[in-house]
Amino acid sequence: MKVSTKGRYGLRALVDLTVYSTDNHVSLVSIAERQKISLNYLEQVFAILRKAGIVKSIKGAQGGYILSDKPENIKVSTILRVLEGDFNIIDENIYDDEHIDAIQAAVKNLVWLKINENVNRYLESTTLEDLANEYRRLNNIQPIMYYI
């Protein structure tokens, strides 16, 4: 399965939102400008993310978006499933298990199913916080430190 622009742009926009929303909402205009994504397209993507409960919108002139949960609780797998659907390399329904021969079963079990398992395991183990931290590291952005 290829990840569409919806999935790619959605992940980029959510990383941007994570990095730039330190307890404040972020406008889609600012995300669109920083990420060079069409505002109209981003509005469509965020409507899906809002409906799925990943982001919350704040209305008004100073409106924008915030994450619905802490970034360390939002898994990449959740985001991609919302934007792309189930993440499988092949449609598992192409095999009729009653009429599958040994070669087809071997390929299915040791290639297609293993790829699906490993990709999904990785996506489940990676969070929005991981992506934001990698972005910060690559751009030498220091996290905000709070002192008590």
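The values are calculated or read from the model by the stated rules, or taken from the named source; none is laboratory data. What you see is a predicted model, and the numbers here were worked out from it, not measured in a lab. Using ideal geometry, Cβ is built from the backbone for each residue, glycine included, and neighbour counts are taken over all protein chains shown.
Name the residue, out of ILE58, ILE79, that is surrounded by 12 or more Cβ atoms within 10 Å (Cβ to Cβ), in contact (Cβ under 8 Å) with a residue 40 or more places away in the chain and of a type outside the set (Ser, Thr, Tyr). Show your work before the answer.
Details: ILE58 fails: in contact (Cβ under 8 Å) with a residue 40 or more places away in the chain.
ILE79 is the lone residue from the list that is surrounded by 12 or more Cβ atoms within 10 Å (Cβ to Cβ), in contact (Cβ under 8 Å) with a residue 40 or more places away in the chain and of a type outside the set (Ser, Thr, Tyr).
Could you check VAL3 against (1) modelled with pLDDT under 95; (2) outside any loop (DSSP other than H, G, I, E, B); (3) not small (Gly, Ala, Ser) and say which number it fails?
The single condition VAL3 does not satisfy is (2).
Looking at segment 1-28, which of the residues that are farther than 16 Å from VAL55 by Cα and aliphatic (A, V, I, L, M) is surrounded by the most Cβ atoms within 10 Å (Cβ to Cβ)?
First pass over segment 1-28, keeping only residues farther than 16 Å from VAL55 by Cα: 1-5, 8.
Filter once more, keeping what is aliphatic (A, V, I, L, M): 1, 3.
Numbers: MET1: 15, VAL3: 13.
This residue is MET1.
Hey, among GLU72, GLU84, GLU98, which residue is touching a residue at least 60 places away in the same chain (Cβ under 8 Å), of a type in the set (D, E, K, R) and surrounded by fewer than 17 Cβ atoms within 10 Å (Cβ to Cβ)? Spell out the reasoning first.
Values: GLU72 fails: touching a residue at least 60 places away in the same chain (Cβ under 8 Å); GLU98 fails: touching a residue at least 60 places away in the same chain (Cβ under 8 Å).
Only one candidate qualifies: GLU84.
Looking only at segment 108-135, filter to residues that are hydrophobic (A, V, I, L, M, F, W, C) and loosely packed, with under 15 Cβ neighbours inside 10 Å; which one of those is farthest from TYR20 (Cα to Cα)?
Keep residues of segment 108-135 that are hydrophobic (A, V, I, L, M, F, W, C), which gives 110-113, 115, 119, 123, 128, 131-132.
Now drop any that are not loosely packed, with under 15 Cβ neighbours inside 10 Å, which leaves 110-111, 115.
Numbers: LEU110: 42, VAL111: 40, ILE115: 34 Å.
Restricting to residues being hydrophobic (A, V, I, L, M, F, W, C) and loosely packed, with under 15 Cβ neighbours inside 10 Å, the top hit is LEU110.
Condition check ((1) charged (D, E, K, R); (2) part of a strand (DSSP E or B); (3) out of contact with any His (no Cβ under 6 Å at 6 or more places or on another chain)) across all residues:
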| residue | (1), (2), (3) |
| --- | --- |
| ILE37 | no, no, yes |
| ASN40 | no, no, yes |
| ARG50 | yes, no, yes |
| LYS56 | yes, yes, yes |
| GLN62 | no, no, yes |
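Of the residues that sit in segment 6-35 and are of a type in the set (S, T, N, Q) and not in a loop (DSSP other than H, G, I, E, B), which one is farthest from the chain's Cα centre (by Cα)? Full working, then the answer.
Just the residues of segment 6-35 that are of a type in the set (S, T, N, Q), to begin with: 18, 21-22, 24, 27, 30, 35.
From the residues that got through so far, the ones that are not in a loop (DSSP other than H, G, I, E, B) too are 18, 30, 35.
On the way: THR18: 12, SER30: 19, GLN35: 15 Å.
This residue is SER30.
Could you list all residues from segment 67-87 that are small (Gly, Ala, Ser) and outside any helix (DSSP H, G or I)?
Restricting attention to segment 67-87, the residues satisfying the condition of being small (Gly, Ala, Ser) are 68, 77, 85.
Within segment 67-87, SER68, GLY85 meet the criteria.
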